[in-house]
Amino acid sequence: MGVAHMMQLQRLCDSIAIFLEDDLDPRSFFQTKKIANRYNCKQLEEKCNQFALQRFIKIAQSDEFMDLDEKFISFLMESKKTKAKEEVKCKMLLAWTKHDIDERKECFLGLVMKFQLAKMTLSYRRFLVENEPLIFESAKSLQSLTLSVFDSHGDISSKDVNLAENKQLVVFDKTSGRMHSCDVDDKTWTPMQTIDQAIIQNTLYSAVVMETYIYVICTKGSFYRLEYAESNAKWKQMANANLQNASAVALDGFVYGIEYEKYSSIVERYDPSNNRWTRLTNKSLILACELLVAADGKVFCIAGINQQDQATNQVEIYDPVTSTWSMDNRSLNEVRYCASATATEEGIYVMGGYNVNGNTTNSVEFRSSVTKTWMILKPMKNARQNFSSCVIDEKVYVIGGNGNPANIEEYDPETKEWKIIETIQGKNVTPLATVALFM
């Protein structure tokens, strides 16, 4: 390229640039970018720019990322097309700054305020305030002010971001007899471990993720777990629950389970440290088809249908610290049963189910962790009952349900809109067993 450029052989320069474009990958990117800049290859420069935006995480993990100039770093951090979460961009900006802190400190302070801070997880924002002097040294009051915002949202612990973690939606497919994970960003499906034959024979009913394990409960209370990150891991049978057709949720290292399809007030808790289920204090209400969700350090049992076949909108809350149940004095706006519930750091989402008339509904409600009140949100695209929901990157995903087993819908709290992101082909998904986990 140097010789062709010096001799003004433009066609040869263009041919070399095309070759370099075709050969562009995370390893060749930095050298290719230097060549494009040095010889003023505008088209190749643009290709490098677009590649960096699309493959930010890959190039950011290279040692050569630390040598990029301020102008290019600013371009990557400010662009809305950079394919990375705000917290990932911030993490790499911090690393780049610390590589030459005296020269780059002012650049950092200018760029950090341009991030869409509201899109960062609360836990990572708290992590920054507690651990990064660069964030608050320009104004000490920022630390106490920001911490007060976090504290108002409940007990949110600090958590760093892991570049290798990618949370995916996982379904249990009856057709293939195995689990499949879906990357909700690029809509790609990846087959995972097979479902143990004993689980199939005992009829898988619901699933929950806790730490590095997926736990599943079958219809007669058979309980199994799998260390999902290990490709060769085998399913292991654990102590059976005294529950049938159980709905389950994980909280602070325990699995909580309730009866789902029959009227009951029984609640059990599984402790993995001793492989034992323990019966807890009964709930006040005897219900079927109610929702179980963990939020704000507590277990919520929401709505359901009573023994008089009447749908309810009541909410009971279990406090693990006091081992007591209490009725929430704020109920749902609408009665429902066979619905689905999930929680983010901001609050609880309740979706779908049967309404007061026994019709399948697409209505959605949200309980703020701050105000403790329920509000009606925009409805889902499809009415659903007996389906799963989970959270990935603070967005809510629903899958399966009445007449729509193939549609996956996504709710974005920022835009307050629902959209169908994927239609599953060739899978028969267990309706109450979809989970989200880090792959």
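Annotations for the structure displayed:
- Set Lys159, Lys119, Lys105: member being at pLDDT 85 or above and either open to solvent by less than 60 Å² (accessible area, probe 1.4 Å) or at negative phi (or both): Lys105
Each row is one residue, and each column tells you yes or no for (1) open to solvent by 30 Å² or more (accessible area, probe 1.4 Å); (2) more than 23 Å from Leu68 (Cα to Cα).
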position: Met6; (1), (2): yes, yes
position: Asp23; (1), (2): yes, no
position: Gln31; (1), (2): yes, no
position: Leu53; (1), (2): no, no
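- The residues of the stretch 277-320 that are more than 29 Å from the chain's Cα centre (by Cα) and within 25 Å of Met210 (Cα to Cα), listed by number, are Thr278, Arg279, Leu280, Thr281, Asn282, Lys283.
- Selection of first residues in the stretch 85-105 that are within 14 Å of Ile73 (Cα to Cα) and of second residues that are hydroxyl-bearing (Ser, Thr, Tyr) and in a helix (DSSP H, G or I), restricted to Cβ pairs under 7 Å at least 6 apart or on distinct chains, gives the following pairs, ordered by first then second residue: Arg104/Thr97; Lys105/Thr97.
Conditions tested, residue by residue: (1) surrounded by 21 or more Cβ atoms within 10 Å (Cβ to Cβ); (2) in contact with a Ser or Thr (Cβ under 6 Å, 6 or more places away or on another chain); (3) at pLDDT below 95.
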| residue | (1), (2), (3) |
| --- | --- |
| Asn329 | no, no, yes |
| Ile348 | yes, no, no |
| Gly358 | no, no, yes |
| Val364 | yes, no, no |
| Thr371 | no, no, yes |
| Pro379 | no, yes, no |
| Ala383 | no, yes, yes |
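- Taken over the stretch 405-431, the criterion of being closer than 14 Å to Phe387 by Cα and open to solvent by 40 Å² or more (accessible area, probe 1.4 Å) is satisfied by Pro405, Asn428, Pro431.
- Exactly one residue out of Lys71, Lys58, Lys83 is part of a loop (DSSP other than H, G, I, E, B), at pLDDT 75 or above and open to solvent by 60 Å² or more (accessible area, probe 1.4 Å), and it is Lys83.
The values are calculated or read from the model by the stated rules, or taken from the named source; none is laboratory data. Nothing here was measured: the structure is a model prediction, and the numbers come from that model. Neighbour counts run over all protein chains shown; Cβ positions are idealised from the backbone, glycine included. These area figures cover heavy atoms from the full protein model, side chains too; ligands, DNA and RNA do not enter into them. Shrake-Rupley method; radii C 1.70, N 1.55, O 1.52, S 1.80 Å.
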